Amino acid sequence: MGIVLMIHSLVRVLILLVAVVAILKLGFGWLAKKPFDGMDRGVTSGFSGLMELQALLGIIILLGGAFTGIGFPVNRIEHAVAMIAAVVVAHLPMRWKTAPDGVHQRNNLFAVLGSLLLVLIGLTAVTGGK
């Protein structure tokens, strides 16, 4: 279980890096009224894909804890619920595939920001606000 937890910790760094790139790329593209391009699509897809991987690893850790006697503490359940909501929000850009460029970039930007807000809430649940 230790290796899964280590990978879970490393993936969060990748998520943060991709999120920063996505926020900058989508934000500047939206404000400069640039067309939605392949890199915009790539960073948005990369972000949602990494969120999926992180959720899968988290579910493995959660279920692994049940089998090792830790059970399902409330803070882990709250963390899991917030993080699953974050994954759902990270996938909202799929709904705007046919939107005009400015709307597409704006909505994708807010989806990434909303997902990160839910991640922050989920981290607060598992760490107790520390």
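Each value in this text was obtained by applying a stated rule to the coordinates, not by laboratory testing. Remember, predicted model here, so these are calculated numbers, not experimental data. Ideal geometry is used to build each Cβ from the backbone, glycine not excepted, and the neighbour counts take in all protein chains shown.
Brief remarks follow.
- Calculated P(r) of region 28-99 - Cα pairs past 14 Å, %: 68 percent
- P(r) tail fraction, region 2-127 - alpha-carbon pairs more than 25 Å apart, %: 28 percent
- The chain, dipole about Cα centre (Lys/Arg Cβ +1, Asp/Glu Cβ -1), debye to the nearest 20: 220 debye
- Rounded to 10°, Cα long-axis angle of helix 74-90 versus longest principal axis of the chain: 20 degrees
- Shown in residue order for region 109-117 are the 3J(HN,Hα) couplings computed by the Karplus curve 6.51 cos²θ - 1.76 cosθ + 1.60 at θ = phi - 60°: 4, 5, 5, 5, 5, x, 5, 5, 5 Hz (x for Gly and Pro).
- Ranking F36, N108, I7 by how far each Cα lies toward the positive end of the dipole of the chain (charges on Cβ) leaves F36 at the top.
- Point-to-point label distance, R41-F72, nm (Cα→Cβ direction, 7 Å offset): 3.9 nm
- Measuring nothing but how far apart in sequence close Cα pairs (under 8 Å, 6+ apart) lie, relative to its length, region 2-127 scores a relative contact order of 34 percent.
- Between V13 and L117, the C-beta separation translates, for a Förster distance of 22 Å, into a calculated FRET efficiency of about 0.75.
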